[in-house]
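The values are calculated or read from the model by the stated rules, or taken from the named source; none is laboratory data. As the structure is a prediction and not an experimental result, all values here were calculated from the model. Every residue, glycine as well, gets a Cβ built from its backbone with ideal geometry; the counts of neighbours run over all protein chains shown.
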Amino acid sequence: MGGLRLVSVLELANISKHFGAIQAVNDVSFTLEAGQVVGLMGDNGAGKSTLVKMIAGNFRPSHGTMHLDGKELILHKPAEARQHGIEIVHQDLALCNNLTAAANVYLGRELRRGIGPLRILDYAAMYKRAGQLFAELKSETRPRDLVKQMSGGQRQAVAIARTMLSQAKIVLMDEPTAAISVRQVAEVLNLIRHLRDQGIAVVLISHRMPDVFDVADRVIVMRRGRKVADKKIASSSPEEVTGLITGAIEQVA
Amino acid sequence: MAVTLDQTIAQKQHSFLSRMLSSQTFWVVIAVILACLFLSVATDAFATQKNLYNITRNITFVAIVALGMTFVIITGGIDLSVGSVLCLCSMVLAVTMHAGYSIEVGILATIVTALAIGAFNGMLIAYLDFPPFVVTLGMLSVARSLAMVASNNTVVFQFGPDHDKLLALGGGAWLFGIANPVLYMIILALITGFILRWTKFGRHIFAIGGNEHAATLTGVPVRQIKVAVYMISALSAGLAGIIETGWLGAVTTNIGTGMELQVIAATVIGGANLAGGVGTALGAIVGAALIEVIRNSLGLLGINAFWQGTFIGGAIILAVLFDRIRNFRRSD
């Protein structure tokens, strides 16, 4: 690769995962750097989501090690990943339609004021902070609106704002542009750029070639559990990546 | 650009008025008021002090249980056992006090019984993934049967040394001549409203009803909360049982029969959604009020009492129909 070395946030070394006889992920190593968007591509069953689930604390690797900021990272459950600053935007966004945008942003981490058993929800503070997050994301999302009434792009903004509540280092995004309109895709890609500009390492799992080439700095391609490519977007092409995904091209450095 | 974005974000989309007009609870309040006005004009007996006293007091037993049911329905569950739990709790109170224990011991035993039943329902539903319908249907049968066992299916009307205290608790009117059960209902409604709107627990109840999977993923303690809502539901049935026992001055094993229907009807008519995620304390009270006014008016208007079920059932279906219509409009 060469060039300027960026600060690496997460380092995976020789990670493997097997379920019984099935080798889902096989000897994968890579690093994530602060302020970089990495597109993770591959066909269904290539091992992308298993890999991400290990980073998110859903699975433990069978072999290999992960290091976060130079310290070894061992995760037993998803909540621990969150404590370490690893946030996930789930494919289905995990939003409650019957609650407001602010309530969804703060779900499970509600702000309260008062003392002892009489601590009540701090609506004002949550509306204010959620509003600031939406402004940072340049998204026209109103904290008081119900998620039910929102567009796909606004819903993404709510799910992404959730990852910005605490000082996230890594945001894993699972197919964020799979089921939304063209205009909203542009909106979501902008949200991803904003995360990157704040120095967050973003992993974008996607099937959509244009999105990855639009927003990612690097692309990692997986095939049958192995990493078959890890290169800068600028030095690759959609044709090459398609070849790597399907196996027409065996492997590139 | 930044200014307009900030303005957009700060904007409130709905005014107070538009929110009120789109709430089912508001329209049910209007319906209750119109029905009362109509009945005051059409009959001589409605607007009498005695009748109003009866109505307000009759509302309370259904309303108190409906408050507890609201918690369960907001999570997307259902509790069919409330009528039987009310009966069992009344019987536990009656039998304990009849055996010579004080009212405090009687009430304590009743509350412990209610919470134990609620915890049992909740555990099966939350940890073993039983459908709420099945568990609470089973409990509907079990609780009434236990009430019969406890009392040997007799009427209990002597409550030992604290007999008078119990009757005063349920039958008195300690404040401004308002029947005590009405006072309890108001206090419990305020507590329910506070919990639903201002506590983390309340927020999580709505989240579970909206999207249980999302609640789990974001770290909401879904299982514990589910157990808690069934305990609250059973507790509200137990409290209603205590109050009703004091009011009636006698307990039979028939008390609370079929009450689950009225309670669920009150909750749904008041605007709660059986699919979960929506419901208010005020809605439960107002729904109970509408049912009672319908019931009362049938008698006053000289309509055969056998029609009661038709009208109440019709009101439930109508309430759900309005909900459907609103959803259709929204999806257009």
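Report yes if A:Gly42 is in contact with a helix residue (DSSP H, G or I) (Cβ under 7 Å, 6 or more places away or on another chain) and free of Cβ contacts under 8 Å to residues at least 40 places away in the same chain, otherwise no.
No: the conditions fail for A:Gly42.
Kindly indicate whether any position in the stretch A:83-91 is within 28 Å of B:Thr8 (Cβ to Cβ), more than 10 Å from chain B (Cβ to nearest Cβ), surrounded by 18 or more Cβ atoms within 10 Å (Cβ to Cβ) and of a type in the set (Val, Ile, Thr). Looking through the stretch A:83-91, at least one residue is within 28 Å of B:Thr8 (Cβ to Cβ), more than 10 Å from chain B (Cβ to nearest Cβ), surrounded by 18 or more Cβ atoms within 10 Å (Cβ to Cβ) and of a type in the set (Val, Ile, Thr). One residue alone among A:Lys138, A:Lys148 is of a type outside the set (Gly, Ala, Ser), part of a loop (DSSP other than H, G, I, E, B) and surrounded by fewer than 18 Cβ atoms within 10 Å (Cβ to Cβ), and that residue is A:Lys138.
Screening A:Val182 against (1) buried (at least 16 other Cβ atoms within 10 Å of the Cβ); (2) without any contact (Cβ under 8 Å) to a residue 24 or more places away in the chain leaves a single unmet condition, (1). Scanning the stretch A:94-103 for residues that are facing another protein chain (nearest Cβ under 8 Å) and either touching a residue at least 40 places away in the same chain (Cβ under 8 Å) or within 18 Å of A:Gly57 (Cβ to Cβ) (or both) yields a total of 6. Every condition in (1) within 12 Å of another protein chain (Cβ to nearest Cβ); (2) of a type in the set (A, V, I, L, M, F, W, C); (3) touching a Cys at 6+ places or on another chain (Cβ under 8 Å) holds for B:Ile242 except the one numbered (1).
Taken over the stretch B:205-224, residues that are assigned to a helix (DSSP H, G or I) and at the interface with chain A (Cβ under 8 Å from one of its Cβ atoms) amount to 8.
Please return the ranges of strands (runs of 3 or more DSSP E) entirely within the stretch A:184-253 where 1 or more residues are farther than 26 Å from A:Met164 by Cα. Break it down into steps so the answer makes sense when it comes.
Details: elements: A:201-205, A:218-223, A:226-232.
In the stretch A:184-253, A:218-223, A:226-232 are the strands (runs of 3 or more DSSP E) which contain 1 or more residues that are farther than 26 Å from A:Met164 by Cα.
Test of understanding: among B:Asp79, B:Asp129, which residue is part of a loop (DSSP other than H, G, I, E, B) and without any contact (Cβ under 8 Å) to a residue 12 or more places away in the chain?
Working: B:Asp79 fails: without any contact (Cβ under 8 Å) to a residue 12 or more places away in the chain.
The unique qualifying residue is B:Asp129.
Among the residues of the stretch B:32-81, those identified as surrounded by fewer than 24 Cβ atoms within 10 Å (Cβ to Cβ), touching a helix residue (DSSP H, G or I) at 6+ places or on another chain (Cβ under 6 Å) and at pLDDT 90 or above are B:Gly76, B:Ile78, B:Leu80.
Does B:Leu108 meet the test of being out of contact with any Phe, Trp or Tyr (no Cβ under 7 Å at 6 or more places or on another chain), buried (at least 16 other Cβ atoms within 10 Å of the Cβ), within 25 Å of B:Ile232 (Cβ to Cβ) and not hydroxyl-bearing (Ser, Thr, Tyr)? The answer is no for B:Leu108.
I'd like to check something: does the stretch A:38-54 contain any residue that is at pLDDT below 90, surrounded by fewer than 22 Cβ atoms within 10 Å (Cβ to Cβ) and assigned to a strand (DSSP E or B)? Within the stretch A:38-54, not a single residue is at pLDDT below 90, surrounded by fewer than 22 Cβ atoms within 10 Å (Cβ to Cβ) and assigned to a strand (DSSP E or B).
Cβ contacts < 6 Å: first residue more than 9 Å from chain B (Cβ to nearest Cβ), restricted to the stretch A:122-141; second residue among the aromatic types (Phe, Trp, Tyr), any location; separation 6+ or different chain. Result? That search, which allows pairs on different chains as well, returns A:Met126/A:Tyr106.
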